[in-house]
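K.L.:
Structure below; questions to follow.
The values are calculated or read from the model by the stated rules, or taken from the named source; none is laboratory data. Everything numeric here is computed off the predicted structure, so don't read it as measured data. Here the Cβ positions follow ideal geometry from the backbone for every residue, glycine too, while neighbour counts run over all protein chains shown.
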Amino acid sequence: MAQQGSIITDEMKKQIGVKGVPTVLEVEKGLIRMMAEALDDPNPLWQDEEYAEKSKYGGIIAPPALLCCARAGTGRGVQMKSPFPRALAGGDEVEYLKPLKAGDVITSVSHIAEYNEREGKRGPMLFTTIETTYKNQRDEVVAISRSTFISY
Amino acid sequence: MAKQLYYEDVEEGMEIPPLVKNPTTQQLVKWAGASGDYYQIHYDKDFAQSTGLPGVIAHGRLKSSFLAQLMTDWIGEGGTLKKISVQHRGMDLAGEQMTCKGRVTRKYIENGEHLVECEIWTENPRGEKTAPGSAIVSLLSRGGKS
Amino acid sequence: MTEGSAITDELRSMIGMATEPVIMEVERGAIRRYADAIGDPNPLFSDVEYARNSRYGEVICPPGFFGWPLKRGGMMELLGTIGGALFRAGVPRILDGGVDYEFFLPIRAGDILTSHGKFADFREREGRTGKMLFITMETTYLNQNGDLVAKARSTLIAL
Amino acid sequence: MAKKQLYYEDVEVGTEVTPLAKVATTQMLVKWAGGSGDFNPLHFEDSFAASQGVDSPIVHGALKRAWLGHLMTDWIGDGGFLKKLACQYRGMDYPRKMKTITDPQEGETWWCRGTVTKKYVEDDQHIVECDIWVENAKGEKTTPGSATVVLPFKKAKS
C-alpha cells in the first residue's frame, strides 16, 4: 500500500535542533600541510611560514577545506534517521566569517536544521540538512556550514 | 591503564601478553594519512597485483608500531622502550588477523638500569612469523623504589 | 646480469647521500592520529590531562613517531630519488625490510626535532626470485635542546 | 613566491575565474581521507564500493568542494577573502589509478571553472559572486556551485 502520509516521523522531527557532540579541532600546521597536499594546492599561505608572516594574516592559515569535514566534527553525534537504505551527500554550503589560523582551536557543534521530502525518479527521497557552527578559542564564530544528505 | 610491571616480575623465558590486531584496508588508509606513507600497494588492489603481490598488504612500519605497542602496553608507564628492531620477512594481507607476541630472552642490570631483552614477532593465522624482531626495555625495580 | 649492474652503479654513486636537516614539529593532533591509526588507546598519546599527571608531563609520541616535517623534503624525497632510480631501471617493487629504533629520550608534544637522514649502504643478495637489493637508510633525531632523542636504521628491499 | 593580486575593478559580470585543472587519483583520495578524517571505504576499497552499487571507488564530494575552494583562493589572491562556498554533488567521479608511486595513469582530467555573476558594494565590502563548478572530461558539470568573495579595491589603496 502506498504511503499516504509523510516519511518524516514525529520522532525524526524531535531531532530538529538537537545539538550533537561538540568536537574540538586543533588547527595544527601538520594537518594544514596534509590538507594542502591532498588538494595539491601549493599556496604558500598554507605552508610557508616566512611568506605567511608577511601576509595580512600574519601567519599560516588553513585552506577553507579544513572545515566542513569529519576532522572538523561536521555532523558528529547527530541522530540522522531515514526509512531508506541508501544515502548520498547532496551538497554543502559553507559561510566563512573569519580566517582559520594555525594554532586556532575550533569547537564545532552540529544539529539537524530541516527535513524535506520529494518524489524522485526512483521514488520518494528524503533530504536532511545538517547545520554546523564552528567557533574559535575566542568564542568567535569562524564559519557555518549546511550539508544536505539525500536518502532514497 | 595497565598495571605496572617490575623487573622482579620478569623471568627469562616468560611470555609477553599477546596483542591481537585486525588491520583492515581502512586501518591501512588511516595509517597512510598518519604516517605520510602513500605507497599504493597498501590500499589499491590493482596496483598491488600489478607489482606481483597477491593483494593489498599491511605497511611494515605499521607492524613495527604494533610490536612497539605490545612492548609499551606490557612495560607500563614506568618502563621505557629503549630499542626495538623489526625485520619484515613476510607479507600480511589486509583483513588478516595478526597476533603480536614476545618472550623474555635476558634480564640484567647495567649502569644502574634494570634491563630486559625480548624477542618479539607478529604471527599470521597460519602461525607464520611475518615480522620477527627484538626489543630492549628498562623496567622499574621494586628495590629501587623504596 | 647487465641491468643489475647498472642499478648497482647508480646506487653506489648515491651512497652517503644525505638529506638537508629537516625540522619537525611534534603536534598533539598528529600524535593522536598516529596512535589512532595503530589502534593504540594508550592515554599517554591522546589524553592531555592524563599525560600532564604522568611522569612525562605532556602527551608523548608512540615509538616511531617523530612529528611532521615543516617543509617537504627530507627522507621521503631521498627515498623518492632512490625509488625513481630503481623504477627507471625496471625494479618496480620496493618493500620495507625492517627498522631498528634506538630511543634515548621521550618525545613530547611541542618538541621541535631536527632529523638528519642518509643513504647509508646497500648490498645485493641472490634471492629465490632473483637479485635482491637491500638498501639501508639512517636517521638521527635531535630535540630543540640539541639532545639526541632517537636513531633509526631502516632497510628497504628492492626486487 | 610573488602572487598577483586581483582587485574589484579587474572583475566584470561574465569575467571568467582562472580555471584550475585537477587529476583525482586513488592516492589523492587516500590523502584526502587522512586530511579530512573521512575514512568511508567507498572511496578506496573496490569490494566495498561494489557492495554499495558503485562501479569502483568514487571521488569524495568534499574533495571536489575543496577543489572549488582552491579555485577561488587562487583566483582572489592573498588580499581577497572567500566568504561563502556552496556546491551540489550531482555526478560521481572516478579517480585515475596510479602508474608509479608518484605518477598517475593516463586518463581523465577535471577542470574547476567559474564565471562572475554579480558585483556590488555592501557595508563597505567589495563583493563578487560567481557560479563555479567541477567539470569532468566529458564536459559534464558533476559539482555545480557558487561562491561569494570579498576583493580588495584599488582606489582604497590611495
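K.L.:
At least 1 residues that are at pLDDT 85 or above in each: list the helices (runs of 4 or more DSSP H) lying fully within the range C:27-93 that qualify.
P.N.:
Of the helices (runs of 4 or more DSSP H) lying wholly inside the range C:27-93, those with at least 1 residues that are at pLDDT 85 or above span C:28-38, C:43-46, C:48-52.
K.L.:
If C:Ala109 meets every condition in (1) surrounded by fewer than 21 Cβ atoms within 10 Å (Cβ to Cβ); (2) modelled with pLDDT of 90 or more apart from one, which number is that one?
P.N.:
(1)
K.L.:
For C:Asp9, indicate whether it is of a type outside the set (A, V, I, L, M), in a helix (DSSP H, G or I) and at pLDDT 85 or above. Lay out the reasoning, then the answer.
P.N.:
Values: of a type outside the set (A, V, I, L, M): yes; in a helix (DSSP H, G or I): yes; at pLDDT 85 or above: no.
Taking the combined requirement at face value, the residue does not satisfy it.
For (1) away from chain D (no Cβ under 14 Å); (2) closer than 30 Å to C:Asn53 by Cβ; (3) of a type in the set (D, E, K, R); (4) touching a helix residue (DSSP H, G or I) at 6+ places or on another chain (Cβ under 9 Å), each residue gets a yes or a no:
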site: B:Glu8; (1), (2), (3), (4): yes, yes, yes, yes
site: B:Val20; (1), (2), (3), (4): yes, yes, no, no
site: B:Ser65; (1), (2), (3), (4): yes, yes, no, yes
site: B:Gly79; (1), (2), (3), (4): yes, yes, no, yes
site: B:Gln97; (1), (2), (3), (4): yes, no, no, no
site: B:Tyr108; (1), (2), (3), (4): yes, no, no, no
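K.L.:
Could you tell me which of the residues D:Gly107, D:Gly35, D:Gly53 is within 14 Å of chain B (Cβ to nearest Cβ), closer than 30 Å to B:Gln49 by Cα and at pLDDT below 90?
P.N.:
Values: D:Gly107 fails: at pLDDT below 90; D:Gly53 fails: within 14 Å of chain B (Cβ to nearest Cβ).
Sole residue among the options that is within 14 Å of chain B (Cβ to nearest Cβ), closer than 30 Å to B:Gln49 by Cα and at pLDDT below 90: D:Gly35.
K.L.:
Please work out if B:Gln49 is facing chain C (nearest Cβ under 7 Å) and either assigned to a helix (DSSP H, G or I) or charged (D, E, K, R) (or both). Walk me through how you get there before you give the answer.
P.N.:
On the way: facing chain C (nearest Cβ under 7 Å): no; either assigned to a helix (DSSP H, G or I) or charged (D, E, K, R) (or both): yes.
Criteria not met by B:Gln49.
K.L.:
In addition: What are the pairs, 6+ residues apart or on separate chains, where a residue within the range A:66-95 that is of a type in the set (Lys, Arg) has its Cβ under 8 Å from a residue that is assigned to a strand (DSSP E or B)?
P.N.:
Filtered contacts from the range A:66-95: A:Arg71/A:Leu25; A:Arg76/A:Thr23; A:Arg76/A:Ser108; A:Arg76/A:Ser110; A:Arg86/A:Ser151.
K.L.:
Listed residues B:Asp37, B:Asp46; which is surrounded by fewer than 19 Cβ atoms within 10 Å (Cβ to Cβ), over 18 Å from the mean Cα position of the chain (by Cα), modelled with pLDDT under 95 and under 23 Å from A:Leu31 (Cβ atoms)?
P.N.:
Just a single option satisfies the conditions, and that option is B:Asp37.
K.L.:
Out of C:Arg93, C:Arg88, report the one residue that is in contact (Cβ under 8 Å) with a residue 24 or more places away in the chain and either within 20 Å of the chain's Cα centre (by Cα) or more than 7 Å from every other protein chain (Cβ to nearest Cβ) (or both).
P.N.:
Numbers: C:Arg88 fails: in contact (Cβ under 8 Å) with a residue 24 or more places away in the chain.
None of the others qualify; the one that does is C:Arg93.
K.L.:
How many residues are modelled with pLDDT under 95, within 23 Å of C:Pro106 (Cβ to Cβ) and surrounded by 18 or more Cβ atoms within 10 Å (Cβ to Cβ) when one looks only at the range B:98-133?
P.N.:
Summing the residues that are modelled with pLDDT under 95, within 23 Å of C:Pro106 (Cβ to Cβ) and surrounded by 18 or more Cβ atoms within 10 Å (Cβ to Cβ) in the range B:98-133 gives 1.
K.L.:
Please return the ranges of helices (runs of 4 or more DSSP H) entirely within the range D:15-84 where 3 or more residues are touching a helix residue (DSSP H, G or I) at 6+ places or on another chain (Cβ under 7 Å) and among the aliphatic types (A, V, I, L, M).
P.N.:
Details: elements: D:26-36, D:46-51, D:61-76.
Fully inside the range D:15-84 and qualifying: D:26-36, D:61-76.
K.L.:
Could you say which residue among A:Gly30, A:Gly59, A:Gly103 is at pLDDT 90 or above, in contact with a helix residue (DSSP H, G or I) (Cβ under 6 Å, 6 or more places away or on another chain) and over 30 Å from A:Leu126 (Cβ atoms)? Outline the logic, then answer.
P.N.:
Working: A:Gly30 fails: at pLDDT 90 or above; A:Gly103 fails: in contact with a helix residue (DSSP H, G or I) (Cβ under 6 Å, 6 or more places away or on another chain).
The match here is A:Gly59.
K.L.:
A:Val24 is checked against (1) within 22 Å of the chain's Cα centre (by Cα); (2) part of a helix (DSSP H, G or I); (3) of a type outside the set (Asp, Glu) and fails just one. What number does that condition carry?
P.N.:
Only one criterion is unmet by A:Val24, namely (2).
K.L.:
Can you tell me which residues in the range A:41-82 are of a type in the set (D, E, K, R), under 24 Å from D:His60 (Cα atoms) and surrounded by fewer than 16 Cβ atoms within 10 Å (Cβ to Cβ)? Spell out the reasoning first.
P.N.:
Narrowing the range A:41-82 to residues of a type in the set (D, E, K, R): A:41, A:48-50, A:53-54, A:56, A:71, A:76, A:81.
Narrowing the set further to residues that are under 24 Å from D:His60 (Cα atoms) leaves A:41, A:71, A:76, A:81.
A:Lys81, the sole residue that qualifies.
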